[in-house]
Amino acid sequence: MNICIVGAGPAGLMAAEVAARAGAQVTVYDRMPSAGRKLLMAGRGGLNLTHSENLEWFLSRYGTARPRLRNAIEAFPPDALRAWADELGQKTFIGTSERVFPEAMKASPLLRAWLRRLDELGVRFAMRHRWTGWNDAGELSFETANGTISVKSDAAILALGGASWPKLGSDGGWIASLAAEGIAVAPLRPANCGFRVEWSDVFRDRFEGEPVKRVALTFATRTVRGEFIVTRDGVEGGAIYALSGALRDSIESSHVATLRIDLLPEANEQTLSSRVGQPRGKQSLSSFLRKATNLPPVAIGLLQEATGGKLAAMSSRELAALIKSVPVKLVGVNPIERAISTAGGVSFDEAELDFMLKKKPGVFVVGEMLDWEAPTGGYLLQASFSTGAAAGKSAVEWAQRNA
């Protein structure tokens, strides 16, 4: 029984492991020279593998895709992922935010141990093979340094990722191949991404790269706490990513989204009004605000940006209200190449519950190729691992039934 995996990221490698453990001969194809490149990039931030929250709450993070991802995640949940990492010799721990990380706080030890295990299971790797679709006989086609080759398999699993960080392997080039087969693919869009803001030159030059910490961000009906970073042309960071789906959709429909920032979420507005209403004497406004509110310079800069430099003309009540709700107008979405992940992909309507394509029996699609999105916090990797595990099992079962 021969199973082909196209894509050597987390979803593809997990599918390979599950299929190989079930007795299949597995070959993993990838266009890059080495496996797991995007996983290694994710590890630079500590490799947030998954999250320790209640499973129902965890599943809610996938929004409308929740019903279609439920079975896979319940079959290979966060606890199973932690146990799997432990078996590789990579113990995990739960951070203060309930996120789960390997104790090594990086991806390379885990990836090395995983590749050793796959080698022991007999998994073969064919690198520098770019998948280009199917030939007339229905075989997988690949472009290689030695020309085009075709590969016949008893089942195939596509795990080619989305289109963020294309230099690491996921470039969305698979869309044309699936479209040629009449398979519906929702346009790929940036997710967990930054946004453009038309900062003044003064603010941009002074605060580019500055973190804004311990704030609450609100858009529409949702509020998240955390921090973000001021970039030269906008904003990015964890708290921004948590709202990125709704912000992106607003910008796509109306070309703008106004984010509200509570610079002092623990402070009462009335108390703030009293504190900023005290006489400031000969102090500059910035010095007075730093002493009265403990706001850092970048936060005071945001207040100045919001008022066009007319902060000094505001009453204490108006100033307190502004501190609790600074408007920042987002005018664009950062390019998909700079996003952490992507939304869009193969419609769930095109796949069976086990992720097999209805129009291509024996071909399964997993991970970020499917049309779902989730915030950072371990949800992205968990769904990739879980769908890969589910497809690995289903591909073997399909191949056995159709042998």
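The values are calculated or read from the model by the stated rules, or taken from the named source; none is laboratory data. Since this is a predicted model, take the numbers as computed values, not measurements. Glycine gets a Cβ as well: all are built from the backbone with ideal geometry, and neighbour counts include every protein chain shown.
Some notes on this structure:
- Qualifying residue in the range 328-339 (condition: in a helix (DSSP H, G or I), of a type in the set (A, V, I, L, M) and within 30 Å of PRO67 (Cβ to Cβ)): yes
- Within the range 245-274, considering residues that are touching a Phe, Trp or Tyr at 6+ places or on another chain (Cβ under 7 Å) and part of a helix (DSSP H, G or I), the one farthest from SER316 (Cα to Cα): ALA246
- Count - residues of the range 275-307 that are assigned to a helix (DSSP H, G or I) and either under 18 Å from SER325 (Cβ atoms) or not hydroxyl-bearing (Ser, Thr, Tyr) (or both): 20
- Single match in ALA389, ALA312, ALA320 (criterion: assigned by TED's automatic domain parsing to the domain that holds PHE288, among the small types (Gly, Ala, Ser) and buried (at least 23 other Cβ atoms within 10 Å of the Cβ)): ALA320
- Top-ranked residue of the range 236-275 - restricted to ones that are in contact with a Gly (Cβ under 6 Å, 6 or more places away or on another chain) and either at pLDDT below 95 or not charged (D, E, K, R) (or both), ranked as nearest to THR293 (Cα to Cα): ALA239
- When GLU56 is tested against (1) over 18 Å from the mean Cα position of the chain (by Cα); (2) closer than 18 Å to TRP114 by Cα; (3) not aliphatic (A, V, I, L, M), exactly one condition is not met: (2).
- For the range 88-130, a tally of residues being outside any loop (DSSP other than H, G, I, E, B), farther than 22 Å from LEU380 by Cβ and without any contact (Cβ under 8 Å) to a residue 60 or more places away in the chain returns 3.
- Output for the range 131-172, where each listed residue is closer than 18 Å to TRP372 by Cα and touching a Lys or Arg at 6+ places or on another chain (Cβ under 8 Å): GLY161, SER164, TRP165, SER170
- Test: residue in the range 11-29 that is surrounded by fewer than 18 Cβ atoms within 10 Å (Cβ to Cβ) and in contact with a Leu (Cβ under 6 Å, 6 or more places away or on another chain): no
- Restricting the first member to the range 313-324 and to residues that are more than 14 Å from ILE261 (Cβ to Cβ), and the second to residues that are in a loop (DSSP other than H, G, I, E, B), the beta-carbon pairs closer than 7 Å and six or more apart or on different chains are SER316/GLY277.
- The combined condition, being surrounded by 13 or more Cβ atoms within 10 Å (Cβ to Cβ), among the β-branched types (Val, Ile, Thr) and over 27 Å from the mean Cα position of the chain (by Cα), is fulfilled by THR307.
- Qualifying residue in the range 299-306 (condition: assigned by TED's automatic domain parsing to the domain that holds LEU264, of a type in the set (A, V, I, L, M, F, W, C) and touching a residue at least 60 places away in the same chain (Cβ under 8 Å)): yes
- Count of residues meeting criterion [surrounded by 15 or more Cβ atoms within 10 Å (Cβ to Cβ) and in contact (Cβ under 8 Å) with a residue 24 or more places away in the chain] in the range 224-235: 5
- Hey, LEU168 crowded, with 22+ Cβ neighbours inside 10 Å and within 28 Å of MET127 (Cβ to Cβ) or not: no
Let's see how each residue does on (1) crowded, with 18+ Cβ neighbours inside 10 Å; (2) aliphatic (A, V, I, L, M); (3) under 27 Å from TRP174 (Cα atoms); (4) under 23 Å from the mean Cα position of the chain (by Cα):
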position: ASP79; (1), (2), (3), (4): no, no, no, yes
position: ARG82; (1), (2), (3), (4): yes, no, no, yes
position: LEU88; (1), (2), (3), (4): no, yes, no, no
position: PRO102; (1), (2), (3), (4): yes, no, no, yes
position: ARG124; (1), (2), (3), (4): no, no, yes, no
position: MET127; (1), (2), (3), (4): no, yes, yes, no
position: GLY147; (1), (2), (3), (4): no, no, yes, no
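- Here is the figure for the range 193-223: residues that are crowded, with 17+ Cβ neighbours inside 10 Å and within 19 Å of ASN48 (Cβ to Cβ) total 2.
- Residue list for the range 181-213, restricted to those being of a type in the set (Phe, Trp, Tyr) and either out of contact with any Asp or Glu (no Cβ under 9 Å at 6 or more places or on another chain) or within 30 Å of VAL346 (Cβ to Cβ) (or both): PHE195, PHE207
- Yes/no for GLU373 being touching a strand residue (DSSP E or B) at 6+ places or on another chain (Cβ under 9 Å), in contact (Cβ under 8 Å) with a residue 24 or more places away in the chain and within 26 Å of GLU98 (Cβ to Cβ): yes
- Residues (assigned to a helix (DSSP H, G or I) and at pLDDT 95 or above) located in the range 1-45: PRO10, ALA11, GLY12, LEU13, MET14, ALA15, ALA16, GLU17, VAL18, ALA19, ALA20, ARG21
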